[in-house]
Amino acid sequence: MKIRLNKFLADAGVSSRRAADEAIRAGKVAVDGRRPALGELVDPQNQKITLNGRIVRGRSTDDQLTLVLNKPLHVITTMHDDRGRATVADYLPNHRRLFPVGRLDAETGGVLLCTTDGELARFLSHPSSMIEKEYEVVARGRLDDHAVNALKAHRVQRLANGSIRFSMLLHEGKNRQVRRMCAQHGLKILTLTRVRLGPVRLQHLRPGAVRTLSEAERRELARLRANAARA
């Protein structure tokens, strides 16, 4: 079966699709010893594909690795930063080419999936997948009934220091969306943590620690992907 060359490279875990296109343009990728065209279809079972002279082999589903990272604060959700800031790569094993799924801004911590599975990353990131994300917010300000309804806040708690803790559920992943929504209601966020991404929960993972998916989490992600494929 033929697939786009950039998709094959992404699924093999050697680059993102965008980085694969850049490598193709730069002449770093070869198909059967020749320079391929951008957007070319390839048959990985019957063609030799190399990146920087090294053969790239596809991965089966069983070969894919997905880790759950509790992203610490002040860490950038990227594998490399030209300004020398701490990135999620500093917390991941370096024997596999892992990519973060979606983004958390530097001042937001919590659940971040990092995977070699390009199809899983695309499924979780695509708006049409409607993957539920749960955030725990600690904020200062007045959370009246109107704000509770507008934010769909639940598990609201008044803390001893006068701040408010509550949870929010979102299906979109727009940049700084929770912060913007809270600011519209006069709330100043003190801490923001994503405690769940779809079926994957933070549990008791400490900041900076990683774990593999549980069997139940893997099964539920597979079920969601299968349902989306049938839709």
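Can you pull the Rg over Rh of the range 83-218, Cα-only, Kirkwood?
On the way: Rg = 16.0 Å, Rh = 16.2 Å.
Result: Rg/Rh = 0.99.
So how far apart, in nm, are the two label points at Asp32 and Ser128 if each is 7 Å from Cα heading toward Cβ?
The modelled label-to-label distance comes out at 3.3 nm.
Rounded to the nearest 20 debye, what is the charge dipole size of the chain about its Cα centre when +1 sits on each Lys and Arg Cβ and -1 on each Asp and Glu Cβ? Can you show the working numbers first?
On the way: 42 positive and 24 negative charges, 43 e Å.
Dipole of the chain, to the nearest 20 debye: 200 debye.
What does the convex hull of the alpha-carbon atoms of the range 3-58 project to on average, in nm²? Don't skip to the end; give the middle numbers.
Details: hull surface 12.1 nm².
The Cα convex hull of the range 3-58, projected and averaged over all directions, gives 3.0 nm².
Using 0.36 nm per residue of separation minus the Cα-Cα distance, give me the extension gain between Asp82 and Ala183 in nm, one decimal.
Numbers: separation 101, 0.36 × 101 = 36.36 nm, distance 3.07 nm.
Using 0.36 nm per residue and subtracting the Cα-Cα distance, I get 33.3 nm.
Which value results when the Cα radius of gyration for the range 39-139 is divided by 2.2 N^0.38 Å?
Numbers: Rg = 16.3 Å, N = 101, 2.2 N^0.38 = 12.7 Å.
Compactness ratio reported: 1.29.
Given +1 on the Cβ of Lys and Arg, -1 on the Cβ of Asp and Glu, and no further charges, what dipole in debye does the range 1-135 carry about its Cα centre, rounded to the nearest 20? It would help to have the intermediate numbers written out before the result.
Working: 21 positive and 17 negative charges, 120 e Å.
Taking the Cα centre of the range 1-135 as origin, the dipole is about 580 debye.
Say R0 is 22 Å: what FRET efficiency, to the nearest 0.05, do Asn175 and Arg97 get from their beta-carbon distance?
On the way: r = 25 Å, r/R0 = 1.14.
E(calc), rounded to 0.05, equals 0.30.
Residue farthest toward the positive end of the dipole of the range 28-95, with Cβ of Lys/Arg at +1 and Asp/Glu at -1: which of Val56, Ile76, Ala37?
Of the options given, the answer is Ala37.
Report the full-extension gain for the segment Ala226 to Arg211: residue separation times 0.36 nm, less the Cα-Cα distance, to one decimal in nm.
In short, 3.0 nm is gained.
What aspartates and glutamates could a cross-link reach from Lys48, if we take a straight Cα to Cα line under 12 Å and drop same-chain neighbours fewer than 8 places away?
Reachable aspartates and glutamates: Asp32.
Cα centroid distance between the range 147-201 and the range 1-65, in Å?
41
Give the peptides 154-165, 93-104, 201-212 in descending order of average Cβ contacts within 10 Å, highest first. Mind dumping the intermediate values first?
Details: 154-165: 11.7, 93-104: 16.8, 201-212: 13.4.
Taking the mean over residues of other Cβ atoms within 10 Å, the ranking is 93-104, 201-212, 154-165.
Treating the Cα atoms of the chain as identical point scatterers in vacuum, please give the log10 of the normalised Debye intensity I(q)/I(0) at q = 0.09 Å⁻¹, two decimals.
Here log10 of I(q) over I(0) equals -0.45.
Length gain on complete extension for the stretch Glu40 to Gln64, per 0.36 nm per residue less the alpha carbon to alpha carbon distance?
Values: separation 24, 0.36 × 24 = 8.64 nm, distance 2.43 nm.
Stretched out fully, the Glu40 to Gln64 stretch lengthens by 6.2 nm.
Since every read-out is calculated from the coordinates, none of them should be taken as a lab result. Computed from a prediction, not measured in an experiment: that's the story for all the values here. Neighbour counts run over all protein chains shown; Cβ positions are idealised from the backbone, glycine included.
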